[in-house]
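Asker: Take a look at the following structure, please.
The values are calculated or read from the model by the stated rules, or taken from the named source; none is laboratory data. Just so we're clear, the structure is a prediction, and the values are computed from it rather than from any experiment. Here the Cβ is made from the backbone with ideal geometry for all residues, glycine too, and neighbour counts use every protein chain on show. With ligands, DNA and RNA removed, areas are computed over all heavy atoms of the protein, side chains included. Shrake-Rupley method; radii C 1.70, N 1.55, O 1.52, S 1.80 Å.
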Amino acid sequence: MVRVLKPVELIVVASEKGRVTVKYPYQEPLVTSDFRGAIRIDASKCIGCGACVKACPPNALELLESPDRLVIRYFVGRCIFCWRCVDVCPVKAVVGTREFELATDRVEDLFNYTVHRRAECRECGSGFATRRMVEYVTEKSAVSEYYANECPECRKAKVLKAAARRRGGV
Amino acid sequence: MSESVKRSIWVYHLNTGGCNACDIEVLDALTPWFDAERFGVKLVPSPRQADVILLTGPVTIEALPKVVNAIEAMPRPRYIIALGSCGVGGGIWHDTYSTIGGVRELLKVLEARGVKVDGVYYVPGCPVRPESILYAVALFKGLVEKKVKSEVAYSE
């Protein structure tokens, strides 16, 4: 049988239990070590390969391409904090943080940009990939150094030309 | 900050077709543990009485006319606090056929209808933490500083 407490008794019980309410904006939040917050892209490590953009389920990371620049745009407002980009990054440039205090009154605050410069083709001079990516590839495999500075179009044309020469003209 | 913000803010909770995770976090923020009523937040049953709309979900096309009606019914000044990834930018549903994709698209619809909104607050998170909601309310009342800002980083 449940007994209904009188107001005086309630005050006694409540004063024994004490206060449970957190003083949150004026104290540390209850963030555990496995909480996933917003990501941060370290521009000094990023090579602009776009692996994170491919992996991102809600397209919070997007590639904005132009002939001389390649920009990775991170829109925090669409991010679902799955950290797949952290898993797939080949150079560990994407790091996860515990930040969750992302409230703002201007939506422009939620966009972060990482700007890369395009590599220039030594044949035709047009931009392709990024400089950092070419550096990364030549570092990884020594044989590709000769080809790495050519854009895919020029490389394709060269291969076709060589094949034609080998077969005695097409 | 307008005059209405200095008083207690009365909040109308509007789910526009979300998955209910953010709605459960809203309830969590109102429990004695987090206690949003410290800031004067009170849930009201009608947009007619509300100062602020707590908008969750990516605004489905089916819900759009009702959402516009609810926001139209609010007295001026009217504020929107968009909660969660869906509310802010459409989230995982930003390009599906049945949603318009968050509050940014909703504002365009409202502008076309001639409905004015005095301020929009964006609270990312999937789902939002109850602390995020408290932080947004504190930011709305001018108790805390804004922490995020847009960054442009150059690789070389």
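Asker: For the range B:26-140, give the magnitude of the charge dipole about the Cα centre (Cβ charges: +1 Lys/Arg, -1 Asp/Glu; no others), in debye to the nearest 20.
Answerer: For this selection, approximately 300 debye.
Asker: I'd like the interface area for chains A and B: accessible area of each alone minus the complex, both sides summed, 1.4 Å probe, protein heavy atoms only. What is it in Å² to the nearest 100?
Answerer: That pair hides around 3900 Å² of surface in total.
Asker: Leaving out ligands, DNA and RNA, what percent of the accessible area of the range A:30-117 is carbon and sulfur, probe 1.4 Å?
Answerer: Summing carbon and sulfur atoms, their accessible area is 50 percent of the total for the range A:30-117.
Asker: Ok, one more. Rounded to a whole number, what is D in µm²/s for the protein assembly as shown from Stokes-Einstein with the Kirkwood radius over alpha-carbon pairs (10 °C, 1.306 mPa s)?
Answerer: Values: Rh = 22.8 Å.
Estimated via Stokes-Einstein, D reaches 70 µm²/s.
Asker: Related question: Tell me, which longest segment in chain B has none of the trypsin sites (Lys or Arg not before Pro) that fall in DSSP loops with at most 14 further Cβ atoms within 10 Å?
Answerer: The reported range is B:8-115.
Asker: What does the charge count around A:Phe111 come to, taking other residues whose C-beta lies under 13 Å from its C-beta (Lys +1, Arg +1, Asp -1, Glu -1)? Intermediate values should be presented prior to the final figure.
Answerer: Details: positive: A:Arg73, A:Arg78, A:Arg106, B:Arg104, B:Lys149; negative: A:Glu62, A:Glu108, A:Asp109, B:Glu151.
Cβ neighbours under 13 Å give a net charge of +1.
Asker: While we're on this one: Accessible area per residue of the range B:1-133 at 1.4 Å probe, in Å²?
Answerer: It amounts to 44 Å² per residue over the range B:1-133.
Asker: For the range B:81-156, state which chymotrypsin sites (Phe, Trp or Tyr not before Pro) are in a DSSP loop and have at most 16 other beta carbons lying within 10 Å of their beta carbon.
Answerer: Those satisfying the criteria are B:Tyr97.
Asker: Within the range B:25-83, report the chymotrypsin sites (Phe, Trp or Tyr not before Pro) that DSSP leaves as loop and that have at most 15 other Cβ atoms within 10 Å.
Answerer: B:Trp33
Asker: Could you pull out the trypsin sites (Lys or Arg not before Pro) across the range A:31-127 that fall in loop regions by DSSP (anything but H, G, I, E, B) with no more than 16 other Cβ atoms inside 10 Å?
Answerer: A:Arg36, A:Lys45, A:Lys92, A:Arg98, A:Arg106, A:Arg122
Asker: Would you work out which of A:Cys56, A:Val107, A:Ile80 lies farthest towards the positive end of the dipole of the protein assembly as shown, given +1 charges on the beta-carbon of Lys and Arg and -1 on that of Asp and Glu, about the Cα centre?
Answerer: My answer, from the dipole projection, is A:Cys56.
Asker: Okay, moving on. Comparing the chain by itself with all protein chains present, which residues of the range B:51-98 are at least 50 Å² less accessible (probe 1.4 Å)?
Answerer: Listed by number, the residues meeting the 50 Å² cut-off are B:Ile92, B:His94.
Asker: Write down the percent of antiparallel bridges among all DSSP beta bridges whose residues are both part of the range B:1-100, to the nearest 5.
Answerer: Counting DSSP beta bridges with both partners in the range B:1-100, the antiparallel share is about 10 percent.
Asker: How long is the gain from A:Ile11 to A:Asn59 if the chain were fully straight, where each residue apart is worth 0.36 nm and the alpha carbon distance is subtracted?
Answerer: Result for the pair: 12.0 nm of gain on full extension.
Asker: Counting only DSSP beta bridges with both residues in the protein assembly as shown, what percent are antiparallel, rounded to the nearest 5?
Answerer: Working: 19 of 40 bridges.
In the protein assembly as shown, approximately 50 percent of DSSP beta bridges are antiparallel ones.
Asker: Would you calculate, for chain B, the mean residue ellipticity at 222 nm contributed by helices, counting each DSSP H stretch of 4 or more residues as -39,500 (n - 2.57) and dividing by all residues, to the nearest 500?
Answerer: -9500 deg cm²/dmol
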